[in-house]
1. Which of the following residues is part of a loop (DSSP other than H, G, I, E, B) and modelled with pLDDT of 95 or more: GLU29, GLU35?
2. If I ask for residues that are among the small types (Gly, Ala, Ser) and touching a Phe, Trp or Tyr at 6+ places or on another chain (Cβ under 7 Å), which ones from segment 1-58 would you list?
3. For segment 38-63, which residues satisfy the criterion of being over 16 Å from PRO2 (Cα atoms), of a type in the set (A, V, I, L, M, F, W, C) and assigned to a loop (DSSP other than H, G, I, E, B)?
4. Applying the selection to segment 67-84, what residues are within 23 Å of PRO2 (Cα to Cα) and buried (at least 16 other Cβ atoms within 10 Å of the Cβ)?
5. Any idea how many residues of segment 22-42 are surrounded by fewer than 16 Cβ atoms within 10 Å (Cβ to Cβ) and either of a type in the set (Lys, Arg) or free of Cβ contacts under 8 Å to residues at least 40 places away in the same chain (or both)?
6. Looking only at residues in segment 1-39 that are of a type in the set (Lys, Arg) and under 14 Å from the mean Cα position of the chain (by Cα), which one is farthest from VAL83 (Cα to Cα)?
7. Answer yes or no: is there a residue in segment 43-61 that is exposed (fewer than 13 other Cβ atoms within 10 Å of the Cβ) and in contact with a helix residue (DSSP H, G or I) (Cβ under 6 Å, 6 or more places away or on another chain).
Amino acid sequence: MPISRQEYDDGRTNINIPIMQYFEVRRDEAFTADEILTALLEVYGRRITIAEVVNSLRNLVSVGDLESKEIAGTPMYTIASGVG
């Protein structure tokens with residue numbers, strides 16, 4: 001499981017870091033929590049639950065790093081304008 005330099009320097013993992021990295025390189029796309037979970041498992045090799053992903057996404061929305069909108073009954077998330 002690779003970790004980011006920030007996590008390495010901090011001496012602990014922080015799931016918000018790979019989530020934000022994923023959104024930063026995909027600035028023009030929006031994702032469901034399930035799609036983020038899949039990316040964390042397949043791209044980043046992180047073992048995490050959907051509940052942990054949803055919690056992190058909600059926290060990132062609350063601090064203004066991500067935006068959320070319900071589309072066709074499904075919450076979608078994208079990077080906030082002006083972040084990065």
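1. GLU29
2. ALA30, ALA39
3. Within segment 38-63, VAL63 is the sole residue that qualifies.
4. Answer for segment 67-84, where residues must be within 23 Å of PRO2 (Cα to Cα) and buried (at least 16 other Cβ atoms within 10 Å of the Cβ): just ILE79.
5. So the count comes out to 9.
6. Checking each candidate, the answer is ARG26.
7. yes
The values are calculated or read from the model by the stated rules, or taken from the named source; none is laboratory data. Bear in mind the structure is a predicted one, so any value in this text is a computation, not a measurement. Heads up, the Cβs are rebuilt from the backbone with ideal geometry, glycines too, and the neighbour counts pull from every protein chain shown.
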